[in-house]
Amino acid sequence: MAHPLEVRIISRRFGLPNSASIDTFLAHQGYEALRKALKMTPEAIIEEMKKSALRGRGGAGFPAGLKWGFVPRQSPRPRYVVCNADEGEPGTCKDRPLMEYDPHQLIEGILIAGLAVDSHQGFIYIRGEYRYLIDIMDRAIEEARGRGFLGKNILGSGFDFELATHTGAGSYECGEESALLESLEGKRGVPRIRPPFPAVAGLYQCPTVLNNVETYAAVPAIILNGGDWYHKLGTPKNGGTRLFALSGHVSRPGVYELPLGMPLRQMIYEVGGGIRGGRQLKAVIPGGSSTPVLTPEHLDVPMDFDSVAKAGSFLGSGGVIVMDEDTCMVKVALRLTEFYQHESCGWCLPCREGTLWLRKLLARFHAGAGVNADIGRAGELAENMLGHTFCPLGDAAAMPVISIVKQFRHEFEQHLNGRCPFEAKGARA
Amino acid sequence: MTAAPGTLLIEAARRAGIEIPAFCYYPGLSLQAACRMCLVEIEKAPKLQTACTVPVSEGMVVRTNTPKVHDARRSMLEFLLTNHPLDCPVCDKGGECELQDMVFRYGASFSRFREEKRHTDEEKWSPVVYYDGPRCILCYRCVRVCNEGMDVSALAIVNRGGRTLIGPNAGGHLDCEQCGMCIDICPVGALTSGSYRHQARPWELHYVPTICTHCGDGCKTTLSVRNNRVLRGNNRDQSGINGEFLCIKGRYAFDFLHHPERLTQPLVRQEGKLVPATWAQALRAVAARFRQLLEQGSAFGIIGSNHAGNETAYLLQKFARAGLRTNNIDHHRTADYAALIAALARSGVRPADRLAGSRDLLTARAVLLIGNNPTEQHPLLAWNMRTNVRLNKGRLYVVNHRAIKLERQATATLRIEEGRAGALLDFLAGQTTAGQPPALQPWNEFRDRLRAESDLLVVFGDEIKGDGIARLVAFGNTLGGVTRYIALGDYNNSRGASDMGLLPGSLPGYAPVEDAVVRARFEAEWNVTLPPGPGLALDEMIAAAGDGRLGALYVVGANPLKRYNLNAGSSFLVVQDMFLTETARQADVVLPAAAVYEVNGTVTNTCGELQRIRQALGTNGPRADLEIIGLIAKETGISLGPVGSEEVFDEIRRLVNGYNVAMAGLAAGEAVPTAPADGRDASLGRPDLVHSSGDTLFTSGTLGQYSDMLEAVRRH
């Protein structure tokens, strides 16, 4: 059920009967954006994208139109469109409903990207754990091909485009775009040295457009209604809406499509129905597990890329994790570090060894064997990783820990007497 | 500071004398940016950048010596040491470990890590390679040198994150060329050598750079010696023509030196049995017989070595010609160098301009490889050809009658039937057509591609010899630019043996014995009258010895009776060798000889590059070939002049065509090209005597049988 504060653009077909089928899609403006785009020049498509101020929904927030514009269309090499559906950021589950309930919207978005950069082959890289979504996407691709939206001479336009799914094998790192490309090529999922960026040398060293599921999903609406229309849904530099995955200790967790710039307070207390059990808010992770935590003092921050950055964190993937007063922040730091240590690809030294050391230290600390010097050391280890790693995973592991040590030092000190004070109270971190 | 566009920051800094530390960066291998040691401050960049991935640019401001950079280095080293065992005193790498050095220079002086270390057990991957996971710092040099440098891909990264290790692709063991490059390139004690590990501390070793005694490529190997025993071979200072490269033989197959079957005292046949004798007894026995035969006017036959240095080869032929008055002298010819030099001279070009060096294979725009299998028989030249294709975009053309590994690097390959190389050469030279389709098409296409090249470098095996080489040169002369050649011969001094005149028709420097002017020059120098006609070739000598036409056969460092049969007892057989070979077993007197690693002198590799060999060990029993020849001559009453290696080399410089090289480079350990100028000796004929032993990476003629390490690897 839609929440009244939602602005449903990319999720507007969610909840329709058989929403994933091509017939439902076609009955609700499906592939109309493609028909329109087929009559546009690539320059015009990219121009609309730029006007929309759509920023990449994977986490980095890079303007999508700009990215598409970097692809050299005159290149003698083939160009590829790759969709990053390796949604693995803890607290993030927005790409899942986009593929589950409206796979054709994604296909349409990818097709329009193909038109914009003169590509004839797309790939959707889906995380291996989304097994059932692969079947849904494959079925949708077959349907689209059957109706002439994929394959040779699409809708009689002369445009050819093929699309295939590829499954990840369970590595979080493969959500990083260059590691994704390595994995898609059949190699170990480790990141590449950049530059060159994928727009110039991506899949098989060919120019490649690589965006997140949600980014492509927004494309049809932008083409149909115009970039300006989409832009106005959000704030000046943050066009449109986005799916926020609201989780943690809120009364109504869920995936909500909200305009960019909605204040955090409204998101938690109106959309999410407030903190469960009427408890107090302690901390919020605003953009997936790799972003520094915000505290109640930040409740009035507008949830857009720039405002959250100004508050010292990141909007990231839009995974908002809410933690109440009973949460042990040491345990939070440990849980996050366990995740990043497990998912570190091991390619570069500071991430491989830093996450491991940090995990061992925090585990020992939380178990009651910590000493005062460990508190500062945890922060220092994270600082030593920050900015020194090959890819952003190291930063992602470091930032939350740094912010937790800084803002919740007193909770670490409370552990020095040998036990976790929150576990004594039956906390649920 | 200035640097060429595209130069990586780390290289530009190093060339300017500024060290930017790194583990994973390795010149010539792909970039990793994994160890993060080379982080530097670049103005306008928000974060520290890896100097190994950023190319220099105009006006770039870089700081390598700031607190921020030092903090980053210190923290990287701290991370490295978290799991690395801190047991340097018992680590095989202690004292020559890059991690140890780096921590000494840039690391913290204390350890903050209090947690439990990960442990994995040490693994034996092959007789030559062991892996100790906890010591591994995951710089991936080993994986890259194996994939990129060797094109073997035996190693891979296994697991992920903190459990990442290096592992053999074959699963638990190495299915590879056993080159040991991964060990030398390992900055820490993770990969260790099967023969050296836990034997010594590096500071108690004596290091002797010399030239490998196995194949004809002439790699420099630095022998680590302790207590008159070689403990390892490597080329860690990368100073030779081989740079960082060495194959299994250069690295491990020195162990024949200490083989239990090594001859340590002379043997003299008494009542049908070889029994130990003193040197005095043995030398007197040889000299007495030689004197007697000389007085009787009996003929001698002399067979020289592919392994012994130039001085030995030169002195041996001088002894034969000037002392024993015979041109019956030969050796196992593994390449027809004489025919190549003759063909070049006769086609009107200066041979010296057309004989390529080993390093030319790294830079040649195009290389044509006919026959041979350099991966097995010439590992350095194969490495150079691969590296040229990989890093310098050279083009490689391969002609062979069988599939060879270097085809993977080839721009074009042509498979021909065995024995058809001559026909192909005539076709390539445009003298014949290819015949009927389907043969026509591939031959035509291949010729078209070659004709589009200029400055071709032609490398060929024993498939091309005698007249075939004249046809090859004729083809080469149809191409644009300067066509150059490398003839592939088997052993470390195959070329030198030929150059020094271990040939029945040729004085040193391919000077024909039949030419009175040439003879007169040597006669004046040696103060003798030389026999005027060509002598017997190797097989003819053995036949003549077998039916009593030769009074004596003197074999120095060769094992001809492995291939040929000799009727025992028909002539006096003297054999000078390290082991009781098939030939030595039939001898009347066996004289224990020193190995190449036990003498000073020079050798010439198959490309004609002259290099110094240095004595790494003293011998207790065996004597240097040069010394033995001198002693026999002296006992026989023949004056050969000074027989020290330096004096003999001086004479070589003075008398042998192309060997009048500048001493400075040679003395400094460089490879100096020799430039044979006289190529008139085409009367040799007998190309049927030219044949390669077809050694593999794990065999090395007779010598290889006495390397336990090669044997272990063959069994692995």
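Key figures
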{"read-out": "Meets criteria (in a helix (DSSP H, G or I), touching a strand residue (DSSP E or B) at 6+ places or on another chain (Cβ under 9 Å) and either facing chain B (nearest Cβ under 7 Å) or not hydroxyl-bearing (Ser, Thr, Tyr) (or both)) for A:Leu336", "value": "yes"}
{"read-out": "Filter pass, A:Pro400 being away from chain B (no Cβ under 13 Å) and either part of a helix (DSSP H, G or I) or not aliphatic (A, V, I, L, M) (or both)", "value": "yes"}
{"read-out": "B:Leu77 being out of contact with any Asp or Glu (no Cβ under 8 Å at 6 or more places or on another chain), within 25 Å of A:Ile193 (Cα to Cα) and not assigned by TED's automatic domain parsing to the domain that holds B:Cys136", "value": "yes"}
{"read-out": "Only one of A:Ala373, A:Ala367 that is surrounded by fewer than 24 Cβ atoms within 10 Å (Cβ to Cβ), facing another protein chain (nearest Cβ under 10 Å), among the hydrophobic types (A, V, I, L, M, F, W, C) and in a helix (DSSP H, G or I)", "value": "A:Ala373"}
{"read-out": "Residue check for B:Glu19: assigned to a loop (DSSP other than H, G, I, E, B), farther than 27 Å from B:Trp383 by Cα and under 37 Å from the mean Cα position of the chain (by Cα)", "value": "yes"}
{"read-out": "Residues being more than 7 Å from every other protein chain (Cβ to nearest Cβ) and either β-branched (Val, Ile, Thr) or in a helix (DSSP H, G or I) (or both) - total across the range B:75-89", "value": "5"}
{"read-out": "Where A:Ala60 falls short, out of the listed (1) hydrophobic (A, V, I, L, M, F, W, C); (2) modelled with pLDDT of 95 or more; (3) closer than 27 Å to A:Arg127 by Cα", "value": "(2)"}
{"read-out": "Among the candidates A:Leu349, A:Leu386, A:Leu381, A:Leu361, residue that is without any contact (Cβ under 8 Å) to a residue 60 or more places away in the chain, within 25 Å of the chain's Cα centre (by Cα) and within 11 Å of chain B (Cβ to nearest Cβ)", "value": "A:Leu386"}
{"read-out": "Every residue from the range B:56-73 that is within 14 Å of chain A (Cβ to nearest Cβ) and surrounded by 15 or more Cβ atoms within 10 Å (Cβ to Cβ)", "value": "B:Val69, B:Asp71, B:Ala72, B:Arg73"}
{"read-out": "Members of the range B:1-43 found to be more than 16 Å from B:Phe79 (Cβ to Cβ), out of contact with any Phe, Trp or Tyr (no Cβ under 8 Å at 6 or more places or on another chain) and surrounded by 23 or more Cβ atoms within 10 Å (Cβ to Cβ), listed by number", "value": "B:Leu9, B:Ile20, B:Tyr25, B:Val40"}
{"read-out": "Complete set of residues in the range B:27-43 that are within 8 Å of another protein chain (Cβ to nearest Cβ) and over 18 Å from B:Ile137 (Cβ atoms)", "value": "none"}
{"read-out": "Residue match in the range A:100-111 (condition: outside any helix (DSSP H, G or I) and within 29 Å of A:Val322 (Cβ to Cβ))", "value": "yes"}
{"read-out": "Qualifying positions in the range B:569-598 - in a loop (DSSP other than H, G, I, E, B) and in contact with a Leu (Cβ under 7 Å, 6 or more places away or on another chain)", "value": "B:Ser571, B:Met578, B:Phe579, B:Leu580, B:Gln586, B:Ala587, B:Asp588, B:Ala595"}
{"read-out": "Within the range A:267-322, considering residues that are of a type in the set (Ser, Thr, Tyr) and part of a loop (DSSP other than H, G, I, E, B), the one farthest from A:Gly88 (Cα to Cα)", "value": "A:Thr295"}
{"read-out": "Selected residue (criterion: farthest from B:Pro187 (Cα to Cα)) from residues of the range B:4-18 that are more than 14 Å from chain A (Cβ to nearest Cβ) and in contact (Cβ under 8 Å) with a residue 24 or more places away in the chain", "value": "B:Pro5"}
{"read-out": "Inter-residue pairs, beta-carbon under 8 Å, first under 22 Å from B:Ala51 (Cβ atoms) and in the range A:190-207, second assigned to a loop (DSSP other than H, G, I, E, B) and among the acidic types (Asp, Glu), 6+ apart", "value": "A:Pro191/A:Glu176"}
{"read-out": "Among the candidates A:Thr41, A:Thr24, residue that is without any contact (Cβ under 8 Å) to a residue 12 or more places away in the chain, more than 30 Å from A:Glu343 (Cβ to Cβ) and buried (at least 17 other Cβ atoms within 10 Å of the Cβ)", "value": "A:Thr24"}
{"read-out": "B:Leu610 vs. criteria more than 30 Å from B:His378 (Cβ to Cβ) and buried (at least 24 other Cβ atoms within 10 Å of the Cβ)", "value": "no"}
{"read-out": "Close pairs (7 angstrom Cβ cut-off, 6 or more residues apart or separate chains): over 12 Å from B:Asn83 (Cβ atoms) and within 7 Å of another protein chain (Cβ to nearest Cβ) in the range B:106-117, among the basic types (Lys, Arg) and surrounded by 12 or more Cβ atoms within 10 Å (Cβ to Cβ) anywhere", "value": "B:Arg112/A:Arg377"}
{"read-out": "Test: residue in the range B:189-205 that is closer than 30 Å to B:Asp360 by Cα and touching a residue at least 12 places away in the same chain (Cβ under 8 Å)", "value": "no"}
{"read-out": "Yes/no for B:Val458 being part of a loop (DSSP other than H, G, I, E, B) and modelled with pLDDT of 95 or more", "value": "no"}
{"read-out": "Condition met for A:Tyr172 (within 14 Å of another protein chain (Cβ to nearest Cβ) and either without any contact (Cβ under 8 Å) to a residue 40 or more places away in the chain or aromatic (Phe, Trp, Tyr) (or both))", "value": "yes"}
{"read-out": "Members of the range B:132-151 that are buried (at least 20 other Cβ atoms within 10 Å of the Cβ), in contact with a Ser or Thr (Cβ under 8 Å, 6 or more places away or on another chain) and away from every other protein chain (no Cβ under 14 Å)", "value": "B:Asp132, B:Cys146, B:Gly149"}
{"read-out": "Qualifying position, being in the same structural domain as B:Asp132 (by TED's automatic domain parsing), out of contact with any strand residue (DSSP E or B) (no Cβ under 8 Å at 6 or more places or on another chain) and of a type in the set (Lys, Arg), among B:Arg251, B:Arg232, B:Arg201", "value": "B:Arg201"}
{"read-out": "In the range B:471-485, the residues that are surrounded by 20 or more Cβ atoms within 10 Å (Cβ to Cβ) and in a helix (DSSP H, G or I)", "value": "B:Arg471, B:Leu472, B:Val473, B:Phe475, B:Gly476"}
{"read-out": "Options A:Lys67, A:Lys36, A:Lys50; residue that is under 19 Å from the mean Cα position of the chain (by Cα), among the charged types (D, E, K, R) and in a helix (DSSP H, G or I)", "value": "A:Lys67"}
{"read-out": "Leading residue by the ranking (farthest from B:Asp688 (Cα to Cα)) among those in the range B:329-367 that are among the basic types (Lys, Arg) and surrounded by fewer than 24 Cβ atoms within 10 Å (Cβ to Cβ)", "value": "B:Arg365"}
{"read-out": "Single unsatisfied condition, B:Pro46 versus (1) free of Cβ contacts under 8 Å to residues at least 60 places away in the same chain; (2) surrounded by 13 or more Cβ atoms within 10 Å (Cβ to Cβ); (3) within 13 Å of another protein chain (Cβ to nearest Cβ)", "value": "(2)"}
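The values are calculated or read from the model by the stated rules, or taken from the named source; none is laboratory data. Keep in mind that what you see is a predicted model, and the values were worked out from it rather than measured. Cβ atoms come from the backbone with ideal geometry, glycine included; neighbour counts cover every protein chain shown.
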